[in-house]
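The structure under discussion appears below in the form of structure tokens.
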Amino acid sequence: MAPPLSRSSSARSHGFVKLRDATVADADVIADVHHASRVAALRHVVPPELFDLMTPKERRDRWREWLAGGVWYTVVGEAEGRVVGFCTVGPSRDGDVDPAVVAEMPTLYVHPSHWRQGVGRALCAAAVSHVAALGYRELSLWTLEANRNARLFYAAFGFVPDGSTKTDDDPLPTGLVVMRLRFALTGR
């Protein structure tokens, strides 16, 4: 049984970024940031028609479900009073790991207007702190092998490839390879 993903219900500042727990009311803006970030990061990697299927409208209902469901914990980063990034963590969905020991970070997205300003690092640090406090020993994530910028970001944070790969199929089968990265939470 995975540790519960209780909410901290407190806002905290990280430089110019204010971090707070996401609510269902954030679903629309999270979907917008998600879309803008994906398009900017992946426009040279994925087929252009894929972006027609990954619209904010398509993602809004999915985000409402995630935020209301209680399985995932989502933290948002605000700058100048608006959400500019978000990160989600929860028990790993991978069949080859123990979800009571390994947490997963399925999303970490920052609006392109705020890239390289510390927002992603602040969100990632908040996610790491959250799952470590719950007793998880590792945090994993999947990222496109072809997304060099994401791989460099995660490597600088301390994530390392564990050798696992699979073909990405969200939202459509693309044939693109994703690789799993892991971050040890113990001994820090």
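Descriptive notes on the structure:
- Of the residues examined, residue 99 is one that is outside any strand (DSSP E or B) and closer than 21 Å to residue 126 by Cβ.
- Counted residues, segment 135-159 - those being surrounded by fewer than 16 Cβ atoms within 10 Å (Cβ to Cβ) and within 16 Å of residue 92 (Cβ to Cβ): 2
- Residue-level analysis places residue 177 among those that are in contact (Cβ under 8 Å) with a residue 12 or more places away in the chain and farther than 24 Å from residue 70 by Cα.
- Tally of residues being out of contact with any Asp or Glu (no Cβ under 9 Å at 6 or more places or on another chain) and either without any contact (Cβ under 8 Å) to a residue 60 or more places away in the chain or closer than 16 Å to residue 32 by Cβ (or both) across segment 89-122: 16
- If you filter segment 51-70 down to residues that are among the basic types (Lys, Arg) and at pLDDT below 85, you find that the one that is farthest from the chain's Cα centre (by Cα) is 57.
- Of all residues in segment 40-53, those that are within 19 Å of residue 177 (Cβ to Cβ) have Cβ atoms under 8 Å from Cβ atoms of residues that are at pLDDT 75 or above and in a helix (DSSP H, G or I), 6 or more apart or on another chain, in 41/112; 41/149; 41/150.
- Across segment 1-50, the number of residues qualifying as modelled with pLDDT of 75 or more and closer than 14 Å to residue 88 by Cα comes to 12.
- Residue pairs whose Cβ atoms lie under 8 Å apart, separated by 6 or more positions or on different chains, with the first residue in segment 20-35 and within 11 Å of residue 67 (Cβ to Cβ) and the second charged (D, E, K, R) and part of a loop (DSSP other than H, G, I, E, B), are 21/7.
- The set of residues from segment 109-162 being more than 12 Å from residue 183 (Cβ to Cβ) and assigned to a strand (DSSP E or B) comprises 109, 110, 142, 143, 144.
- Those residues of segment 80-92 which are surrounded by fewer than 18 Cβ atoms within 10 Å (Cβ to Cβ) and either part of a strand (DSSP E or B) or at pLDDT 95 or above (or both), in sequence order: 82
The values are calculated or read from the model by the stated rules, or taken from the named source; none is laboratory data. If you're wondering where the values come from, they're calculated on a predicted model, not measured in any experiment. Cβ: placed from backbone, ideal geometry, glycine included. Neighbour counts: every protein chain shown.
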